[in-house]
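Enquirer: Let me begin by handing over the structure; questions about it come next.
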Amino acid sequence: MNARDDSAVGAPLSRSDGPLKVSGQARYAAEFPVDGVCHAVMARSTIAHGKIARIDAQAANRMPGVILVLTHQNAQKLPDKGRAAVNPPAGREMSLLQDAAIRYNGEPIALVVAESLEQAADAAAHIRVEYAKEPAKLDFAQAKRSPKKPKKAGNSETDKSWGDASGALPSAEVKVDQVYTTPMEHHNPMEPHGTIARWEGDKLTLWDATQYVSGVKETVAKTMGIPADNIHVIDPYVGGGFGCKGST
């Protein structure tokens, strides 16, 4: 049996993409030159739970450079309301303007497409929305008292097994009774999230900031109801992800 070679452990190895990244030569997803590219900015909900009672995009549509304003009223209807690619826990349900429901604060409720990023952002701020608010579930302890059982855990049937904590604690040599909480944490990679989409007939090329190129191809195909062979995903460099670029 040969001894294991641990020479790489702790050694100052160079990243193959390091020089390009630190010199600014690595091209990230949103930096590829595409002729005639336009820009999209989301408008997002300001309530945590409820429905859109009324949405008015007339002012946004009239603003300079605006090409299109998408809402749940005129967005393309997708297979299974955009959930065709969802397979918990690996897949996540995304908000794709398929209905008037508001499920969380900051949920996308409209998408403004314009000739420039600044024009899209300005128009998105001029969309007017009226909500029918509903109580939001904000108490984690209360939510645990009426948990929702998933139909499946991945592709397997759900099960659970509990030990007897109440019976074991009295005879335990050491007991620790404490509650720990953590603050909200955010991913901060050096490359922000960004995607460029180019349609050529029924063929779609995506330059995407992702850690999961093959998964993006599969998810987009199922979500939009188009053949996977019609999609080409390009991502030569990932400017950090920490898992936040694992989703589509």
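The values are calculated or read from the model by the stated rules, or taken from the named source; none is laboratory data. The model shown is predicted, which means the values in this text are computed figures rather than measured ones. We place every Cβ from the backbone using ideal geometry, glycine too, and count neighbours over all the protein chains shown. The protein model used for the area step is the full one, side chains on, heavy atoms only, and it has no ligands, DNA or RNA in it. Shrake-Rupley method; radii C 1.70, N 1.55, O 1.52, S 1.80 Å.
Enquirer: How are the C-alpha pair distances of segment 117-172 spread across 10 Å bins, as whole percents from the shortest bin up?
Expert: Pair shares across the bins are 14, 18, 24, 20, 14, 8, 3.
Enquirer: Right, something else. For segment 162-221 and segment 37-56, what is the separation of their Cα centres, given in Å?
Expert: 24 Å
Enquirer: Could you give each residue of segment 75-87 its phi-based ³J(HN,Hα) in whole Hz, using Karplus coefficients 6.51, -1.76, 1.60 with θ = phi - 60°, and x for Gly or Pro?
Expert: Once θ is set to phi - 60°, the couplings for segment 75-87 become 6, 4, 7, 9, x, 6, 6, x, 9, 5, 9, 7, 9 Hz.
Enquirer: Could you put Leu68, Leu138 in order of accessible surface area, largest first, with the 1.4 Å probe and the full protein assembly present?
Expert: The ranking, largest first, comes out as Leu138, Leu68.
Enquirer: Then there's this: Where in segment 139-248 are there trypsin sites (Lys or Arg not before Pro) that are in a DSSP coil and have at most 13 other Cβ atoms within 10 angstrom of their Cβ?
Expert: Here the sparse-neighbourhood loop sites are Arg145, Lys148, Lys151, Lys160, Lys175.
Enquirer: Hey, another quick one. If you average the sequence gap of Cα pairs under 8 Å that are 6 or more apart and divide by the length of the chain, what percent do you get for the contact order?
Expert: Across the chain, relative contact order equals 25 percent.
Enquirer: Okay, next question. For segment 11-134, what is the convex hull volume of the alpha-carbon atoms per residue, in Å³?
Expert: Each residue corresponds to 186 Å³ of Cα convex hull volume.
Enquirer: Turning to a different aspect of this structure: Which longest run of the chain has no exposed loop site in it, a site being GluC sites (Glu not before Pro) in a DSSP loop with at most 11 other beta carbons within 10 Å, and the site itself not part of the run?
Expert: Value returned for the longest uninterrupted segment is 1-172.
Enquirer: Using a Förster distance of 45 Å, how high is the FRET efficiency between Trp199 and Val9, based on the Cβ-Cβ distance and rounded to 0.05?
Expert: About 0.45, to the nearest 0.05.
Enquirer: I've got another one for you. For Trp199, Trp162, write out the residues from largest to smallest accessible area, computed with a 1.4 angstrom probe and no ligands counted.
Expert: In descending accessible area the options line up as Trp162, Trp199.
Enquirer: So, one more: Roll a 1.4 angstrom probe over the protein heavy atoms and tell me the percent of accessible area of segment 124-200 that is carbon or sulfur.
Expert: C and S atoms contribute 53 percent here.
Enquirer: Something else now. Once you wrap a convex hull around the alpha carbon atoms of segment 116-248, what is its projected area averaged over all directions, in nm²?
Expert: Across all orientations, segment 116-248 yields a mean hull projection of 15.5 nm².
Enquirer: Kirkwood hydrodynamic radius for the chain: how many Å is it when counted over pairs of different Cα atoms?
Expert: 22.4 Å
Enquirer: Suppose all protein chains stay in the model; what accessible area per residue would a 1.4 Å probe give for the chain, in Å²?
Expert: 73 Å²
Enquirer: Give me, ordered by chain and number, the residues 5 or more places off His49 or on other chains with an amide H under 5 Å from its own placed amide H.
Expert: Residues meeting the criterion, in which the H sits 1.01 Å from N, are Glu134.
Enquirer: Per DSSP helix of 4 or more residues, -39500 (n - 2.57); summed, then divided by the residues of the chain. What does that give at 222 nm, rounded to the nearest 500?
Expert: Calculated from helices alone, the mean residue ellipticity at 222 nm is -3500 deg cm²/dmol.
Enquirer: Next question. In whole Hz and in residue order, list the ³J(HN,Hα) couplings for segment 38-45 that follow from phi through the Karplus curve 6.51 cos²θ - 1.76 cosθ + 1.60, θ = phi - 60°; x for Gly and Pro.
Expert: For segment 38-45, the Karplus curve yields 10, 10, 10, 10, 7, 9, 10, 5 Hz.
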